[in-house]
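What follows is a single structure, written as structure tokens, with notes after it.
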Amino acid sequence: MKTKMNLDVVAETEEEKKIEEFLKMLHTSKEVQKFLTSMRKEAKNKKVFKYRERIKDVNSAIRTHRINKKKLDEAHDYVGISFITNNEKEVYPIINYLKEKLPNAEYIDFVDEEWIYSPLVYIKWVPPLGYNVFAKEPLIPNEREVPIEIRVCSKEGYISEQSAYYSVQKNDMTNMPIEEKQNLRNIVQHITYKLALLVTRNLTEDEKEKHTIELNNIISRNRKFLEKHSDLCKDAILDLGRLVYECEHDRDITEDERKLSKKEIDDIDEQLKRRFNEILKKEEGNEVDRICRAIKKMIFIDYQELKSAS
């Protein structure tokens, strides 16, 4: 997906140069690679839906430092890992493994949806129905500890987190104040999570009704705020459609990504969003029904046909 972040940055201050030097070391560290290999192996053993990892890009780290003013010693996600499970039950065995491997880490539990629920969503709950794990591990001898963030969440949690994170939180094409951006991101993430549940889960009629009522309440109570940022909200919904499609066609897309360039992958992502927008425009009815019907139709698009059209 084409980034909306401003990554045209160069290390200028002494602190930024420290960040740059440390990250370059992480990218070449055998110890870090060994740690990531162990995480990868555990993901395979637990048969998770998807496993993702990255060592933070230097430009992205400097950009983040300029926004949040945190120094190198305060960073928490220079190594990022995601275990994306098929459902909530599969979260716990991974957490148990991590608690053995990283006993000194901080474990933040977001599994209880009722505990995190708020109609205005002005509380942080990333990712929904999952865990955030923050660790600082002495992976590299004689060097500062490596800041690691691990997210363990369900497939629907991943879909909603990604929809809101890149369309809103990491979008530098807006001058929105940081707090307002965070509030919008949380509301959008809650909306996209409920939508993801409605279109991907085999829910009972009572469960469908419960999630639909809660979703409509979130939208109606925050309507003015959402309308104020309608372009960002629309982009998040288009990303939602893309991400649900990509999860449903994960095997084909994952095999393709090994052979394609980043530009080709970005082009396919944009093609998915365009196709979803075309389908969405033809749907009638209230917002929730329109989006759900459009996503369900989107899922049946043939991936090879879509790829050749991009």
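The values are calculated or read from the model by the stated rules, or taken from the named source; none is laboratory data. Please read all numbers here as calculations on a predicted model, not as lab measurements. With ideal geometry, Cβ positions are generated from the backbone for all residues, glycine too; neighbour counts draw on all protein chains shown.
Does the range 275-283 contain at least one residue that is under 20 Å from the mean Cα position of the chain (by Cα) and buried (at least 16 other Cβ atoms within 10 Å of the Cβ)? Lay out the reasoning, then the answer.
Keep residues of the range 275-283 that are under 20 Å from the mean Cα position of the chain (by Cα), which gives 276.
Now drop any that are not buried (at least 16 other Cβ atoms within 10 Å of the Cβ), which leaves 276.
Within the range 275-283, one or more residues are under 20 Å from the mean Cα position of the chain (by Cα) and buried (at least 16 other Cβ atoms within 10 Å of the Cβ).
Scan 178, 191, 213 and give me the residue that is in contact with a Leu (Cβ under 9 Å, 6 or more places away or on another chain) and over 17 Å from residue 272 (Cα atoms). Steps first, please.
On the way: 178 fails: in contact with a Leu (Cβ under 9 Å, 6 or more places away or on another chain); 213 fails: in contact with a Leu (Cβ under 9 Å, 6 or more places away or on another chain).
From the options 178, 191, 213, the qualifying one is 191.
Just a yes or no: is a residue in the range 233-242 in contact with a Lys or Arg (Cβ under 8 Å, 6 or more places away or on another chain), within 24 Å of residue 86 (Cβ to Cβ) and of a type in the set (Gly, Ala, Ser)?
Yes, the conditions are met somewhere in the range 233-242.
State which residue is surrounded by the most Cβ atoms within 10 Å (Cβ to Cβ) when the search covers only the range 72-110 and only residues that are more than 18 Å from residue 137 (Cβ to Cβ) and in contact with a Phe, Trp or Tyr (Cβ under 7 Å, 6 or more places away or on another chain).
Once the filter is applied, the top-ranked residue is 84.
Here are the criteria: (1) of a type outside the set (Asp, Glu); (2) closer than 26 Å to residue 247 by Cα; (3) touching a strand residue (DSSP E or B) at 6+ places or on another chain (Cβ under 8 Å). Tell me which single one residue 138 does not satisfy.
Residue 138 satisfies all of (1) of a type outside the set (Asp, Glu); (2) closer than 26 Å to residue 247 by Cα; (3) touching a strand residue (DSSP E or B) at 6+ places or on another chain (Cβ under 8 Å) except (2).
Out of everything in the range 192-238 that is among the charged types (D, E, K, R) and under 18 Å from residue 160 (Cα atoms), what residue ends up being surrounded by the most Cβ atoms within 10 Å (Cβ to Cβ)?
Of the residues in the range 192-238, the ones among the charged types (D, E, K, R) are 194, 201, 205-210, 214, 221, 223-224, 227-228, 231, 234-235.
Within this subset, residues satisfying the condition of being under 18 Å from residue 160 (Cα atoms) are 194, 201, 208, 214, 231, 234-235.
Working: 194: 22, 201: 15, 208: 14, 214: 15, 231: 11, 234: 13, 235: 20.
Taking the candidates together, the pick is 194.
Go through (1) modelled with pLDDT of 90 or more; (2) in a loop (DSSP other than H, G, I, E, B); (3) polar (S, T, N, Q) for residue 33 and report which single condition fails.
It fails just one condition, (2).
Please specify each residue of the range 64-81 satisfying the condition of being under 17 Å from the mean Cα position of the chain (by Cα) and not acidic (Asp, Glu). Give the steps one after another, and end with the answer.
Initially, the range 64-81 is screened for residues under 17 Å from the mean Cα position of the chain (by Cα), giving 64, 76-81.
Of everything in the range 64-81, those that are under 17 Å from the mean Cα position of the chain (by Cα) and not acidic (Asp, Glu) turn out to be 64, 76, 78, 79, 80, 81.
So if I check each of 99, 17, 41, 4, which one is outside any strand (DSSP E or B) and at pLDDT below 90? Give the derivation first.
Working: 99 fails: at pLDDT below 90; 17 fails: at pLDDT below 90; 41 fails: at pLDDT below 90.
Going through 99, 17, 41, 4 in turn, the sole match is 4.
So, in the range 37-63, how many residues would count as being more than 19 Å from the chain's Cα centre (by Cα) and of a type in the set (A, V, I, L, M, F, W, C)? Let's see the steps before the verdict.
Keep residues of the range 37-63 that are more than 19 Å from the chain's Cα centre (by Cα), which gives 37-38, 41-42, 44-47, 58-59, 62.
Now restrict to residues that are of a type in the set (A, V, I, L, M, F, W, C): 58, 62.
Total satisfying the criteria: 2.
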